[in-house]
Amino acid sequence: MSRIPVTLACWDYDRTQALADGSVRPEGVDLTYLCLPVEETFFRMLRHREFEAAEMSLSSYVTGLAADPARWPFVAIPVFPSRAFRHNGIYIHSGSGIEKPSDLAGRTVGVPEYQVTAAVWIRGILADYHQVPVSSVRYRTGGMHQPGRVEKQALNLPPEIDIEPIGADRTLADMLVTGEIDALYAPRTPRPLLDGRPEVRRLFADPRAAEEQYAAETGIFPIMHVVVIRRDVYEKWPWLARSLYTAFEQAKAATAGRMGETAASRYMLPWLYDEVERTRRLLGPDFWPYGFEHNRSTLEVFLRYAHEQGLTPDRLDPARLFVPETQDTYVI
């Protein structure tokens, strides 16, 4: 039986390794796995639709779907290759006088793009739990380490959002060092912090403690990325959505089974066994769930944040995000 050729663009995750090396093969598919940096994947898929399937920023997917559902060229399956807590992604200029989250109100904050998923979660958490309304901050957008980054999608934000791009020759990391911006919300760690520059530090002195408290109180492990299929491909082969979903589940299960191995260390972390046990105590045995129902409440919070931050004209129903073939299953 001939298989349909599908190119999947996705980063080098442990939970997708079995797809990349071919030990898990989606049924009916001749899969080519392109391992690309996430920013490159997002740019190429959104601008040029180069791949049949790809991981995509959850925010980009939601924003595009909400803006023009009939013409949005992608559909999604409830696979989430990237999740991350983001209290650790708030960086401040050491001389800014910011000592606690509420001090961010009235300040100038850099973001690579207003709509990046990490920034949506950060703004929402700060508004919900730390008295920092979204409109209380001035946002400045641009490249973190290279000049010239722009929003990948056109945004129609409400007038109370103060947002401007930085200079074409500037970077957010440099501006944080000089104090031209007071803080930075970013998914990547800025190089000045990695280099030990005293001008830059994290807002939360113990971000893990803040993140664990947030997880314990909310039950949320924030979703960053989703897997999309080009709509024209899905409409030609509707069965592909379920085939890819099942393969992603199988690949994740293979990694989950390896993480707790103690006979020989697969990963270069001496106390990985303890970390796995600690994480399961906090987040549950399947702490990285795929599927719609297991993630409904987390998605509802994100969609509320997206609407409150002016990224979507209406608050989307999470069921609208995914093709129906992946929202239920057969029973024997």
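Each peptide in 277-284, 118-125 was scored by the mean count of other Cβ atoms within 10 Å over its residues; highest first, the order is 118-125, 277-284. The charge dipole of the chain, taken about the Cα centre with unit charges on the Cβ atoms of Lys, Arg (+1) and Asp, Glu (-1), comes to about 260 debye, rounded to the nearest 20.
Among the protein heavy atoms, those of LYS236 account for about 140 Å² of accessible surface (1.4 Å probe, every chain in place). Report the calculated FRET efficiency for GLN153 and GLU180 (r = Cβ-Cβ distance, R0 = 35 Å), to the nearest 0.05. With R0 = 35 Å, the Cβ-Cβ based efficiency is 0.85. Selection among MET144, HIS87, LEU282 by position relative to the dipole of the chain gives MET144 as farthest towards the positive end (Cβ unit charges, Cα centre). Using the 1.4 Å probe convention, the accessible area of the stretch 175-297 works out to 54 Å² per residue with neighbouring protein chains retained. Apply the Debye scattering formula to the chain, with a single equal point scatterer on each alpha-carbon and no solvent, then give log10 I(q)/I(0) at q = 0.07, 0.08, 0.12, 0.14 Å⁻¹. One equal scatterer on each Cα of the chain leads to -0.30, -0.39, -0.90, -1.21. Our estimate of slack between PHE287 and ARG258, defined as 0.36 nm per intervening residue step minus the Cα-Cα distance, is 9.0 nm.
Here the calculated FRET efficiency for ARG315 and THR218, from their Cβ-Cβ distance with R0 = 25 Å, stands at 0.85, rounded to the nearest 0.05.
For the stretch 28-75, what is the accessible area per residue in Å², given a 1.4 Å probe and the full set of protein chains? Numbers along the way, then the final one.
Values: 1890 Å² over 48 residues.
Dividing the accessible area of the stretch 28-75 by its residue count gives 39 Å².
Quick check on packing: order 262-271, 289-298 by the mean number of other C-beta atoms within 10 Å, highest mean leading.
Values: 262-271: 8.9, 289-298: 16.6.
The peptides rank, most packed first, as 289-298, 262-271.
To put it simply, the accessible area of the chain at a 1.4 Å probe is 50 percent carbon and sulfur.
In nm, what is the difference between 0.36 nm times the number of residues separating THR7 and ALA67 and their Cα-Cα distance? Spell out each step's value before the answer.
Details: separation 60, 0.36 × 60 = 21.60 nm, distance 2.67 nm.
That works out to 18.9 nm of additional length.
Can you order the peptides 56-62, 111-117 by their average number of other Cβ atoms within 10 Å per residue, highest first? Present the calculation step by step, with values, prior to reporting the outcome.
Numbers: 56-62: 26.1, 111-117: 23.9.
Per-residue Cβ counts within 10 Å, averaged per peptide and sorted highest first, yield 56-62, 111-117.
Take every DSSP beta bridge whose two residues both sit in the chain; close to 45 percent of them are antiparallel.
The values are calculated or read from the model by the stated rules, or taken from the named source; none is laboratory data. Remember, predicted model here, so these are calculated numbers, not experimental data. Every residue, glycine as well, gets a Cβ built from its backbone with ideal geometry; the counts of neighbours run over all protein chains shown. The area values use the complete protein model at the heavy-atom level, side chains included, leaving out ligands, DNA and RNA. Shrake-Rupley method; radii C 1.70, N 1.55, O 1.52, S 1.80 Å.
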